[in-house]
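Worksheet: one structure, shown below.
The values are calculated or read from the model by the stated rules, or taken from the named source; none is laboratory data. A quick note: this is a predicted structure, and the numbers were derived from the prediction, not measured. Note that we place each Cβ from the backbone using ideal geometry, even for glycine, and neighbour counts take in every protein chain shown.
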Amino acid sequence: MCLICERIEMIKRGENPYFVKELETGYVVIGDNQHFCGYTLFLYKQHGNKTELFHLEPDERDRFLEEMTIVAQAVSRTFGAEKMNYELLGMGDAHLHWHLFPRVSGDIENYGNNGRGPVWWYPMYKMYSDDNRPSEEQLANMKQKLLDELEKLL
Ligand SMILES: [Zn+2]
């Protein structure tokens, strides 16, 4: 089973502490590491052989993109993004999932082009440092704020 499917199974069992909300096409979860404060993922519900946007039926794809956009807006409002960054990757886990990063000036320090550039110009060991993991209390607070914004938009 892929890592995303494992996390979804945890949500279904009520055991995923990062879970925020179920939408029609996917699940909203807070990222494990929070160097980029408010980093959120939107996990597509199905895996199977649907690993590209162009594998989805047009209506399903429209709904998935619409819901991702709503999640991005809620993340932006909740965490005060200057700009949202969106990534749909999947060479590691082919399961469709959006990475939604709220960006603010200075968030990659002086890496990249004098502090400007994509999130992946920030060193991986810093981005995934255990220092960036939210406490139970911080996580609960982030989830509640994001849920409140999402519910205003849905
Ligand atoms: Zn999967």
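When each of LYS12, LYS21 is tested for being basic (Lys, Arg) and within 16 Å of the ligand (Cβ to nearest atom), the lone residue that passes is LYS12.
Among the residues of the stretch 4-22, those identified as surrounded by fewer than 19 Cβ atoms within 10 Å (Cβ to Cβ) and touching a residue at least 60 places away in the same chain (Cβ under 8 Å) are CYS5, PRO17, LYS21.
Right, ALA81: among the hydrophobic types (A, V, I, L, M, F, W, C) and surrounded by 19 or more Cβ atoms within 10 Å (Cβ to Cβ) or not? Judged against the criteria, ALA81 is a match.
Which pairs have Cβ atoms under 9 Å, sit 6 or more apart or on different chains, and link a residue in the stretch 76-100 that is farther than 17 Å from LEU147 by Cα and of a type in the set (D, E, K, R) to one that is within 16 Å of the ligand (Cβ to nearest atom) and assigned to a helix (DSSP H, G or I)? Sorted first by the residue in the stretch 76-100, then by its partner, the pairs are ASP93/LEU3; ASP93/ILE4; ASP93/CYS5. Checking every residue in the stretch 46-68 against the condition of being surrounded by 14 or more Cβ atoms within 10 Å (Cβ to Cβ) and at positive phi gives zero matches. Of the residues in the stretch 44-62, not one is polar (S, T, N, Q) and more than 14 Å from the ligand (Cβ to nearest atom).
Residues in the stretch 84-119 that are within 30 Å of ARG61 (Cβ to Cβ), crowded, with 16+ Cβ neighbours inside 10 Å and away from the ligand (no atom under 16 Å from the Cβ): MET84, ASN85, LEU100, PHE101, PRO102, ARG103, VAL119. Restricting the stretch 139-154 to residues that are part of a helix (DSSP H, G or I) and in contact with a helix residue (DSSP H, G or I) (Cβ under 7 Å, 6 or more places away or on another chain) leaves a set whose member that is surrounded by the most Cβ atoms within 10 Å (Cβ to Cβ) is LEU146. Being part of a loop (DSSP other than H, G, I, E, B) and either at pLDDT 95 or above or among the β-branched types (Val, Ile, Thr) (or both) holds for only one residue in ASP59, ASP107, and it is ASP107.
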